[in-house]
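Have a look at the structure below before the remarks.
Any read-out appearing in this document is the output of simple, stated calculations on the displayed coordinates, not a laboratory observation. All values reported here derive from a predicted model rather than from experimental measurement. Here the Cβ positions follow ideal geometry from the backbone for every residue, glycine too, while neighbour counts run over all protein chains shown.
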Amino acid sequence: MSEVAPKELRIVGFLCNWCSYGGADTAGVGRFKQPTDLRIIRVPCSGRVDPMFVVRALLTGADGVLVSGCHPRDCHYTDGNFYARRRLEMLKRLLPFMGIDDKRFHYTWVSASEGQKWQQVVTGFTNQVHALGPMHQK
Amino acid sequence: MSTQKLKEIIKQVLPDVETVICWQEGYDKLNVTPIFITSPEQVDQVVWNPLCAQNLASYLPSQKKKVAVAVKGCDSRTIVQYMQEGLIDRNNVVIIGIPCKGTVSKKKVQKAIGNEPVEDVTFTDGSIKVKTPSGEKTLALADVCPTKCTSCQFPTPIVYDQLTGDAIKSDKPPESVYADVTELEGKTLEERKAYFASQFDKCIRCYACRNACPMCVCQDSCIAETRDPHWITQRNSLDEKVMFHMIHALHLAGRCVECGECERVCPMEIPVAKLKKKINKEMKDLFDYTPGVNPEDKPPMYTFNVDEAKIKEHKL
């Protein structure tokens, strides 16, 4: 039985240095199987993620964008992710209004020890984006 | 009309301030431009009629000395928002409030008279009479008013030091403000995408909407034009145009005071304010916040709650 792998899509992930990037590392060290569509960009804090990063990525070729930071109250800089939460929620509600499916954008919180959860987030989000297909028809 | 009262108030406040910012007649009767009054002789040039649509409060952050400014109800929200964001010192501004029954869109009048040259414009209660070489035309104010006036909630300024007439109460239902956004929300994702693509594709990136926007305070350092960071290129593609409008919308998230200046100045008649109104609607829902209403409020993106009542974690 041969299995034809589905064509890879381009998913951009903005991960905070202190929690989610560590969580992704934990998942790697634990050798959890993950889809390979995600390209990770490390940012100092989820509060660094300007909603325009997400829009720019989606407009210039990404099929999905994932933002992940420390759990609320666990931010390395105390309150960065509280600001991020408001901004990203605003963006989440604006995207479908301008005709971009909000399933292409997801924000979540993953701590450095949650390798298992990271695997679930990446797998779940990748499947969700694959269900929608490529955003840009070439 | 309260023009006489307005002139009296200007004469009265002029000695205490450096400049009074008001409106005067432009190159013809249909055009109104700002006037910066520094001497009593200029006061006679002041006009006040429904054509005074420009939001003069936009000049405030760049003023260094004490100034007085004439504002309509919608313009006063700009001042309140400036106060919230600490962009002006309230002690340095004298606000001359004008209760306004609705403005007139110059573009709509020009369309109605077939872009003929204008010889004279007169106002009677509820209508505008325009004289052109081919005759006179009377238009109802309700037919030529900008969209913002059809759902005006603040006909009387929210903050003022002097008022030129009796305060008016709004007779428009509060739901009407976001009626156009709600209508668009009722459509499918594909329809909305096509709608915005067709609208933003008209954009010539003249940046007039940004220049006229009272809340776009970065002006010359706007990231739409800087090379470092290089957010958008000069390429004339739809994506770049959309990106520019996203920059404008996201930088105004929870700050847009819905003065309608962006749509007034747009040469391509793009509904520029739609995205901002959508964000405002969500801000109202999420944080019960309306920009430019209460000087004590804090813009929602400038602050946070540890436990957000309305933000739920999204599941995959």
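Counting only lysines at least 8 places from B:Lys315 when in the same chain, those with an alpha carbon closer than 17 Å to its own are A:Lys92, A:Lys103, A:Lys117.
Global size of the stretch B:1-57: 10.9, 32 Å for Rg and Dmax (C-alpha atoms, Rg to one decimal, Dmax whole). Projecting the Cα atoms of B:Ser2, B:Trp23, B:Val217 onto the charge dipole of chain B (Cβ charges, centred on the Cα centre) puts B:Val217 farthest toward the positive pole. A Stokes-Einstein calculation at 25 °C with viscosity 0.890 mPa s, built on the Kirkwood radius of the protein assembly as shown over Cα pairs, returns a diffusion coefficient of 101 µm²/s.
Per residue, the convex hull spanned by the Cα atoms of the stretch A:29-138 measures out at 103 cubic angstrom. Given R₀ = 56 Å, what would the calculated FRET efficiency be for B:Ala167 paired with B:Leu316, taking r from the Cβ atoms and rounding to 0.05? That pair, B:Ala167 with B:Leu316, gives E of 0.60.
Potential lengthening of the chain between B:Glu175 and B:Lys131 amounts to 12.1 nm, from the contour at 0.36 nm per residue minus the alpha-carbon distance. Highest mobility in the GNM of chain A, judged by mean-square fluctuation with C-alpha springs under 10 Å and restricted to A:Arg39, A:Arg73, A:Arg48, is found for A:Arg73. Taking a cut-off of 20 Å, what percent of all Cα-Cα pairs in the stretch B:173-302 are separated by more than that? Considering the stretch B:173-302, 48 percent of its Cα-Cα pairs are separated by more than 20 Å.
Entry note: chain B has Rg to Rh equal to 0.97, where both radii use alpha-carbon atoms and Rh is the Kirkwood radius.
Simple spin-label estimate for B:Lys11 and A:Thr36 gives 8.3 nm between the two label positions (7 Å along the Cα-to-Cβ direction from each Cα).
I need the shape label for the stretch B:230-316. Rule: rounded when a/c is under 1.5, else prolate if a/b > b/c, else oblate, with a, b, c from the alpha carbon gyration tensor. Verdict is oblate for the stretch B:230-316. Dipole magnitude for the protein assembly as shown: about 860 debye, using +1 per Lys or Arg Cβ and -1 per Asp or Glu Cβ, origin at the Cα centre. Residues B:Ser221, B:Ser105, arranged from fewest to most other Cβ atoms within 10 angstrom of their Cβ, appear as B:Ser221, B:Ser105. When only Cα pairs below 8 angstrom with a gap of at least 6 residues are kept, the stretch A:11-132 shows a relative contact order of 39 percent. Our coupling estimate for the stretch B:246-255, obtained by passing each phi through the Karplus curve with A = 6.51, B = -1.76, C = 1.60 and θ = phi - 60°, is 6, 4, 4, 5, 6, 6, 9, 4, x, 10 Hz, Gly and Pro reported as x.
Listed from fewest to most Cβ neighbours within 10 Å, the set B:Trp231, A:Trp118, B:Trp23 follows the order B:Trp231, B:Trp23, A:Trp118. Compactness of the stretch A:1-61 was expressed as the Cα radius of gyration divided by 2.2 N^0.38 Å, which yields 1.36.
Relative to the Cα centre, the charge distribution of chain B, modelled as +1 at Lys and Arg Cβ and -1 at Asp and Glu Cβ, gives a dipole magnitude of about 340 debye. A Stokes-Einstein calculation at 37 °C with viscosity 0.692 mPa s, built on the Kirkwood radius of the stretch B:59-215 over Cα pairs, returns a diffusion coefficient of 176 µm²/s. Compute the separation of the alpha-carbon centres of the stretch B:238-313 and the stretch B:69-96 and state it in Å as a whole number. Going from one Cα centre to the other spans 19 Å. Computed from label points 7 Å out along Cα-Cβ, the spacing between B:Glu116 and B:Cys206 is 2.5 nm.
Stretching the chain fully between B:Asp307 and B:Lys65 yields a gain of 82.9 nm (0.36 nm per residue, less the alpha carbon separation).
What is the list of residues in the stretch A:76-104 whose amide nitrogen lies under 12 Å from a point 7 angstrom out from the Cα of B:Lys298, following Cα to Cβ? Once the point is set 7 Å along Cα→Cβ of B:Lys298, A:83 turn out to lie under 12 Å by backbone N, inside the stretch A:76-104. Relative to the Cα centre, the charge distribution of chain A, modelled as +1 at Lys and Arg Cβ and -1 at Asp and Glu Cβ, gives a dipole magnitude of about 180 debye. Across the stretch B:26-146, counting alpha-carbon atoms alone, Rg and Dmax equal 16.5, 51 Å.
Peptide A:84-91 is shielded by partner chain Cβ atoms: per residue, an average of 6 of them sit within 10 Å of its Cβ. Within the listed set B:Gly26, B:Gly254, B:Gly97, the residue fluctuating most in the Gaussian network model of chain B (springs between alpha-carbon atoms under 10 angstrom) is B:Gly26. Would you mind telling me which residue in A:Tyr107, A:Tyr77, A:Tyr21 has the biggest mean-square fluctuation in a Gaussian network model of chain A, where springs connect alpha carbons within a distance under 10 angstrom? Evaluated over chain A, the most mobile residue of the options is A:Tyr77.
Among B:Lys312, B:Lys106, B:Lys11, sorting on how many other beta-carbon atoms sit within 10 Å of each Cβ, with the fewest leading, yields B:Lys312, B:Lys11, B:Lys106.
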